[in-house]
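Presented below is the structure to which this report refers.
The values are calculated or read from the model by the stated rules, or taken from the named source; none is laboratory data. None of these values were measured; they are calculated from a predicted model. Counting neighbours? That spans all protein chains shown, and the Cβs are built from the backbone with ideal geometry, glycine included.
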Amino acid sequence: MIKSIRLRFIFWYTLILAVTFSAFAFVLYFHVSTSLKNELDDVLLTKAEGIARSINTYWDTEKMDALRHGARKNVFSKINNSNFLKIAGRWVEERSNDAELMDISVQIYKPDGKLIASSPNAPPELNISEKILPVLVTRKTFYEDRHIPVAQDAFLDLRVLQIPVLENGKAAYIVQVAAPLESIWTALQGLKFILFLLLPVTVVLASMFAGEFLASITLKPLKAMIGTARQITAENMSLRIPPPETKDEIRQLAETFNDMLEKIHRVLISQKQFIQDVSHELRTPLTIMRGELEVALKRPRSPEEYGAILQSNLDEVMKIAKLLEELLALARLDNSTTGLTREPTNITTLMRDILDDMGILARQKGIGIEFTFRDEITAPLDRDKIMRAFINLLDNAIKYTHDNGKIAVDVRRDDSGAIITVSDTGIGIPEPDLPRIFDRFYQVDKSRSSAGFGLGLSIAKAIIDAHGGSIRVASDQSQGTTFLISLPMEGHNPR
Ligand SMILES: Nc1ncnc2c1ncn2[C@@H]1O[C@H](COP(=O)(O)OP(=O)(O)OP(=O)(O)O)[C@@H](O)[C@H]1O
Ligand SMILES: [Mg+2]
């Protein structure tokens, strides 16, 4: 098989062109050869009829003369009339050299096939075939191709026409005209040479050049793309393929390719960022632990001091464990192979359970939680995961609301499924931060949320996305924050 697109292109282009042109050549050749022959046949017929008319005129003049000299009417039959033979002979002698007859030879025969007269250019070997004599009267015209030997190994090819000239329904004499087929053959030979030799060669050469040319202009942008694509590595992911000016498929390909690069680039950047964030989050507790341990080891300490240091270290270890646990949870949600364990879950009941647990935390800050629901809604959910998502949201609401603030949770149903809103009267989120709060490790203000890692919302979003739902946020720094979650009632996994 041909491997390169360019060669395949040229090959098919040439083949299709060659097939089309051969078909065209055959049709043309066939058409020209038949019409040349038909034309010759028409010329022969016109000549033969003209000759017959002319001979009859000669004969009529002769008849007039004879009548004037008192001849009887019934001797004027041409059949077996020696006078007529003379007249016919005279016509051939006088007229057969006329310019209009040129290379057409003329012979006149009696109805029984005996030659009456013959033009000088008629080949002596040309006679009339016996077998056509009986049919001539009914056929009116009789065409033949004759292959006549004229010398040793030399032949003359003739197109021959015989017509009977009738008198009272009987053949009085026969006019035979013949023209050499050679001129047609020479013409056809020339045509053949052009059509079957010159044309194929030209077509093949032209299509090779044209194919090569077309292939090169269509494939040039591809080559440029290959070149650019080769230069792209993890280090210079910002390189893009310059899309060609044309608005064709190649441009689409370039654009698609660039889109893909863009996505990969973004993933790479966020991966890098993620690793940086993780390292950073791990470094803080480790630095604290290290400092405390070093200080502790400087000199012997009282059991109470050791206890305090160990307790502090345990806190940091717990923090690291929590971080790792959350990262693991995120990684699991990212991994499409581990799906959700769905079961029909009553969302209203679920929310009430969560609020029972979280209520303790809220009460410590004097925050009241108001729960309203308009519908009992059951949806196929991964209960543990959904619980975790809402716990993260309520944890935030409590964390970022001043003492004695308010939290409202509302559950209702709409066309698309269950709608849950969690709103608080807390400190709110500045407008510019809103698009980023679902990002991993993103925190509006590190100092105001020192306890967390900034993973809570990204975990909640990942869980809701996995359920095919969506989460949106609206916030006003003077009024508080509202999260709006929608969960579909049908349990189809989005990925
Ligand atoms: N209800 C809210 N009111 C005000 N700000 C909020 C609220 N919820 C989230 N935020 C802001 O969004 C940031 C991201 O929230 P997220 O829950 O992801 O992280 P976190 O609460 O800081 O830490 P973690 O949840 O990992 O313990 C928070 O740091 C906080 O600034
Ligand atoms: Mg949080």
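Report yes if some residue within segment 13-25 is assigned by TED's automatic domain parsing to the domain that holds PHE142, within 28 Å of MET102 (Cβ to Cβ) and either in contact with a helix residue (DSSP H, G or I) (Cβ under 7 Å, 6 or more places away or on another chain) or not in a helix (DSSP H, G or I) (or both); otherwise report no.
Here is the first cut: in segment 13-25, the residues assigned by TED's automatic domain parsing to the domain that holds PHE142 are 13-25.
From what is left, the residues that are within 28 Å of MET102 (Cβ to Cβ) are none.
No, segment 13-25 has no match at all.
None of ILE407, ILE419 is away from ligand 2 (no atom under 12 Å from the Cβ), in a strand (DSSP E or B) and closer than 17 Å to LEU487 by Cβ except ILE419. Flag: SER458 does not match the condition of being in contact with a strand residue (DSSP E or B) (Cβ under 6 Å, 6 or more places away or on another chain) and either among the hydroxyl-bearing types (Ser, Thr, Tyr) or more than 16 Å from ligand 2 (Cβ to nearest atom) (or both).
For (1) in contact (Cβ under 8 Å) with a residue 12 or more places away in the chain; (2) within 8 Å of ligand 1 (Cβ to nearest atom), each residue gets a yes or a no:
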{"residue": "LYS399", "(1), (2)": "yes, yes"}
{"residue": "ILE427", "(1), (2)": "yes, yes"}
{"residue": "PRO435", "(1), (2)": "no, no"}
{"residue": "LEU455", "(1), (2)": "yes, yes"}
{"residue": "SER486", "(1), (2)": "yes, no"}
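For segment 119-156, a residue qualifies if it is surrounded by 14 or more Cβ atoms within 10 Å (Cβ to Cβ) and either in contact with a helix residue (DSSP H, G or I) (Cβ under 7 Å, 6 or more places away or on another chain) or at positive phi (or both), and the qualifying residues are SER119, THR141, PHE142, TYR143.
Within segment 297-333, the set of residues being closer than 30 Å to GLY468 by Cβ and within 16 Å of ligand 1 (Cβ to nearest atom) comprises LYS322, LEU323, LEU324, GLU325, GLU326, LEU327, LEU328, ALA329, LEU330, ALA331, LEU333. Number of residues in segment 461-483 that are assigned to a helix (DSSP H, G or I) and within 14 Å of ligand 2 (Cβ to nearest atom): the value is 3.
LEU199 - would you say it is surrounded by 15 or more Cβ atoms within 10 Å (Cβ to Cβ) and assigned to a helix (DSSP H, G or I)? Full working, then the answer.
Numbers: surrounded by 15 or more Cβ atoms within 10 Å (Cβ to Cβ): yes; assigned to a helix (DSSP H, G or I): yes.
Considered against the rule, which asks whether it is surrounded by 15 or more Cβ atoms within 10 Å (Cβ to Cβ) and assigned to a helix (DSSP H, G or I), LEU199 comes out as yes.
Just give me the residues in segment 349-394 being among the aromatic types (Phe, Trp, Tyr) and either more than 16 Å from ligand 2 (Cβ to nearest atom) or outside any helix (DSSP H, G or I) (or both), in sequence order.
First, the residues of segment 349-394 that are among the aromatic types (Phe, Trp, Tyr): 371, 373, 390.
PHE371, PHE373 - these are the residues of segment 349-394 that are among the aromatic types (Phe, Trp, Tyr) and either more than 16 Å from ligand 2 (Cβ to nearest atom) or outside any helix (DSSP H, G or I) (or both).
Quick one: would you say ASP439 is under 48 Å from the mean Cα position of the chain (by Cα) and either surrounded by fewer than 17 Cβ atoms within 10 Å (Cβ to Cβ) or modelled with pLDDT under 95 (or both)? Spelling it out, ASP439 is indeed under 48 Å from the mean Cα position of the chain (by Cα) and either surrounded by fewer than 17 Cβ atoms within 10 Å (Cβ to Cβ) or modelled with pLDDT under 95 (or both). I'd like to know if segment 442-451 contains one or more residues that are under 24 Å from ASP277 (Cα atoms), hydroxyl-bearing (Ser, Thr, Tyr), within 14 Å of ligand 2 (Cβ to nearest atom) and not in a loop (DSSP other than H, G, I, E, B). Looking for residues that are under 24 Å from ASP277 (Cα atoms), hydroxyl-bearing (Ser, Thr, Tyr), within 14 Å of ligand 2 (Cβ to nearest atom) and not in a loop (DSSP other than H, G, I, E, B), one finds at least one in segment 442-451, hence yes.
In the set (1) buried (at least 17 other Cβ atoms within 10 Å of the Cβ); (2) within 29 Å of PHE373 (Cα to Cα); (3) in contact with a Leu (Cβ under 8 Å, 6 or more places away or on another chain); (4) at pLDDT below 95, the condition left unmet by ILE354 is number (4). When ILE407 is tested against (1) modelled with pLDDT of 95 or more; (2) within 13 Å of VAL473 (Cβ to Cβ), only condition (2) is not met.
Filtered by the rule that a residue be buried (at least 17 other Cβ atoms within 10 Å of the Cβ) and not aromatic (Phe, Trp, Tyr), segment 7-25 gives ILE10, THR14, LEU17, ALA25.
Against the test of being over 24 Å from LEU282 (Cα atoms), of a type in the set (A, V, I, L, M, F, W, C), surrounded by 14 or more Cβ atoms within 10 Å (Cβ to Cβ) and modelled with pLDDT under 95, the options ILE471, ILE420, ILE377 yield a single qualifying residue, ILE377. Among the residues of segment 415-425, which ones are on the phi < 0 side of the Ramachandran plot and more than 6 Å from ligand 1 (Cβ to nearest atom)? ASP415, SER416, ALA418, ILE419, ILE420, THR421, VAL422, SER423, THR425, listed by residue number.
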